[in-house]
Amino acid sequence: MTDKPYPDTHPVAGASPLRSSLFRPSLLWLMVLAPIAAGLDRAGVLPAGVVFFCAALAIVPFAKLIVQGTEQVAAHTGATVGGLLNATFGNLPELIIAMVALRAGLLEMVRASIVGALLANLLVALGFSFLLGGLRHHSQKYNPEAVRTYSSTMVLAWISLALPSAFHRALEAEPHLGVHATLDLIVAVVLLGLYGLFLLYSLRTHPETFAELNAPSSGEETHDHSSLARGVATLLLASLGAAWMSELLVGAAEQAGHSLGMSQMFMGLIVLALVGGAAESGSAIAMGRANRPDLSIGIALGSCVQIALFVAPLLVLVAPVMGQPQFRLVFSQAEMWMLFGAVLLGATVATAGQSNWFKGAQLLALYLIIAAILYLIPATTP
């Protein structure tokens, strides 16, 4: 294990300059779909599926710019602040989509988008990273200590979501609504506190746990010398663009799902999750192909930790502010079993410290099975 300075080795901090180079100008043309989607939504002359498709494509370059802007700012602020920025803004599209859906009262879609984002990172991002990295480099070795930390945190996160869900299903009577709210608040505060401790552990007290094996020398990386002001401006403008497209996306999602025969659960678990996590998934896959499995795993699993310990409990706290009486942490048994399978398989294939293309194929196979099951669930009538 190398003792390379932490800003270059910590996968959650995301300060790797290589990830900034992943943004390709060829994606910028997709931004032209943003005003097109807005115009079509205002005109209301075309099916909602067209608006949804345009908004989904338009959000991809905004998501990539969020990652790029985060890294530019992190390069000036250091590892600790950089890690916090990456944890906060790395999954900003997912958070924006969830909040917009929450404000619209689409609670089932919000819960589905949370589980879907976890599935996308655990199975799609990590699966394609192992598959393409293994095909290109035969096998890849990485730091197993970091994976064990991520895996144990995800197991705890799954239990923290599954237990309140079971409690809510057991006590559904009207007199127990106050108890539900109290339990959700307690769980949300505990998870947010654990997220803070995770940042303290990974950024301050034990950064060596996340050190990158076989890290390239500084001469092999292309450092981004963009100014701090440019990074902040990029981050703010991309966040506004993502929020704009997310509102259109969620607004058209329900009607688009009905017109295409897709259930609200499929739209949240699969479609919205893949769109919202496009930037993180693309970065993780590119790092796998570049023979940087530690960074790839850190991006994918670090994103899962952020969603489970920060995004989900944050929605519980902000729901009253957004006009919803309560956002309950009550996930369906199907969602919990799917997430349990993903956490179990992800931990099983990743903790060995070495990956290959077949492990990636296993992860992707589970995701395809889950997607097929969800697609075949009949959509409810509007």
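The values are calculated or read from the model by the stated rules, or taken from the named source; none is laboratory data. Note that the structure is a prediction, hence the values are computed from the model and not measured. The accessibility values were calculated without ligands, DNA or RNA, using every heavy atom of the protein model including side chains. Shrake-Rupley method; radii C 1.70, N 1.55, O 1.52, S 1.80 Å.
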Note to self: Within the stretch 246-382, what whole-number % of the accessible surface is contributed by carbon and sulfur, with the 1.4 Å probe and all protein chains included in the calculation?
What the structure shows: 68 percent
Notebook entry, point to check: For residue 182 and residue 358 in the same chain, what is the full-extension length gain: residue separation times 0.36 nm, less their Cα-Cα distance, in nm?
Noted result: 58.9 nm
Margin query: Using the Cα atoms of the stretch 233-300, I'd like the radius of gyration and the largest Cα-Cα distance, Dmax, both in angstrom.
Written below: 15.3, 42
Check: Which number comes out as Rg/Rh for the stretch 305-382 once both Rg and the Kirkwood Rh are worked out on C-alpha atoms?
Finding: 1.09
Checklist line | Taking the convex hull of Cα positions in the stretch 223-341, its mean projected area over all directions (nm²) | finding: 10.4 nm²
Note to self: Restricting to Cα pairs below 8 Å that are 6+ residues apart, what does the relative contact order work out to for the stretch 241-382? Please round to a whole percent.
What the structure shows: 36 percent
Margin query: Before I look further, what does the stretch 283-382 give for accessible area per residue, probe 1.4 Å, in whole square angstrom?
Written below: 40 Å²
Margin query: Under the rule a/c < 1.5 gives rounded, and otherwise a/b versus b/c splits prolate from oblate, where does the stretch 110-194 land using the Cα gyration tensor?
Written below: prolate
